[in-house]
Amino acid sequence: MSHQLTLDTATSRANPTPAPMKRVTVPAIRKRKGGEPLVMLTAYTVRMAQLMDAACDMLLVGDSLGQVIYGLPSTVPVTLEMMALHGAAVVRGSYHALVVIDMPFGSYEASPQQAFESAARLLKESGAAAVKLEGGAAMAPTVKFLGERGIPVIGHIGLTPQAINVLGGYGARGRSEAERAKLVGDAVAMDEAGAFAIVVEGVVEPIAVEITQAVKCPTIGIGASAQCDGQVLVAEDMLGLFERTPRFVKRYDDLAGRISAAVETYADEVRSRAFPGPDQVYAPKD
């Protein structure tokens, strides 16, 4: 309890917290099945959490931070320490959205006990409310084990980036009957194990719709279907901070171009001694 109070009172925000304000809860997310679509974006830093929190139902501290923040070639090298530190930052920068943290590769696959120890560390050190883990039917016993011990879990099926070395690429899943049957089976297994939502990534649209209809918990699509119960994207992708993005990303801005233009203007003004001007320097007191 004292740890949670420390996290809450240490929160730093650009704007005052609306009062009264209560975070979105796991049961509230579960109840959104078939209702108003859920809005989820990734967040890795305090400032981005501050800017996105009010509009989102969930903020995902994704292991995609390996590529987005650290420039790693995949999510595989991401560590528990990275996830805990960025998770705590996102919790400090938010007051409304449910904060979910990805469990990194190697932190949960060995056994349900390993998964519990890793998940407990993430939640205790960050103050987040839930974890997300990749895998289908094979991970269902772990999801059940965690849920029975008070750790809410979001499942993740379809294109699972942590398994890229096995999958061999980032192509869409579900193009064969065998893949279709496995994906639906994976989703049902996660649902029956107690996952309160399931991310469905890189799955051909008819299969994503079938999965959504087959499970009782909400589905969160990414490269799937608008008929999923919600959507998630990497925020930096949808904001246009990268030149290359997956096909399923819609760019809602071109922040990379705007930032580059602002930096060029700054550089020009520095070199011409136009900056700093009278408004940016301190005059002596009379």
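The values are calculated or read from the model by the stated rules, or taken from the named source; none is laboratory data. Quick caveat: nothing in here was measured; it's all calculated off a predicted structure. Please note: Cβ atoms are built from the backbone with ideal geometry, for glycine as well, and neighbour counts cover all protein chains shown. For the accessible areas, the whole protein counts, side chains as well, though only heavy atoms, and no ligand, DNA or RNA atoms are used. Shrake-Rupley method; radii C 1.70, N 1.55, O 1.52, S 1.80 Å.
Some notes on this structure:
- Identity of the residue in the stretch 66-93, under 24 Å from Thr25 (Cα atoms) and out of contact with any Leu (no Cβ under 9 Å at 6 or more places or on another chain), that ends up most open to solvent (accessible area, probe 1.4 Å): Leu85
- Search result, residues across the stretch 94-114 that are closer than 20 Å to Gly66 by Cα and in contact with a helix residue (DSSP H, G or I) (Cβ under 7 Å, 6 or more places away or on another chain): Val99, Ile101, Asp102, Met103, Pro104, Phe105, Ser107, Tyr108
- Filter pass, Val184 being in contact with a Gly (Cβ under 6 Å, 6 or more places away or on another chain) and closer than 22 Å to Thr142 by Cα: no
- Helices (runs of 4 or more DSSP H) contained entirely in the stretch 42-136, each with at least 3 residues that are charged (D, E, K, R), in the same structural domain as Glu148 (by the TED database) and at negative phi: 112-126
- Residue count, the stretch 269-286 (criterion: in contact with a Phe, Trp or Tyr (Cβ under 9 Å, 6 or more places away or on another chain) and either surrounded by fewer than 11 Cβ atoms within 10 Å (Cβ to Cβ) or outside any loop (DSSP other than H, G, I, E, B) (or both)): 1
- Pair list, Cβ under 9 Å, 6 or more apart: the stretch 197-212 residue more than 18 Å from Val143 (Cβ to Cβ), other residue aromatic (Phe, Trp, Tyr) and crowded, with 19+ Cβ neighbours inside 10 Å: none
- Enumeration of residues in the stretch 231-268 that are part of a helix (DSSP H, G or I), open to solvent by 80 Å² or more (accessible area, probe 1.4 Å) and of a type in the set (Asp, Glu): Glu264, Asp268
- Residue list for the stretch 213-225, filter: of a type in the set (Gly, Ala, Ser) and either in a helix (DSSP H, G or I) or in contact (Cβ under 8 Å) with a residue 40 or more places away in the chain (or both): Ala214, Gly223, Ala224
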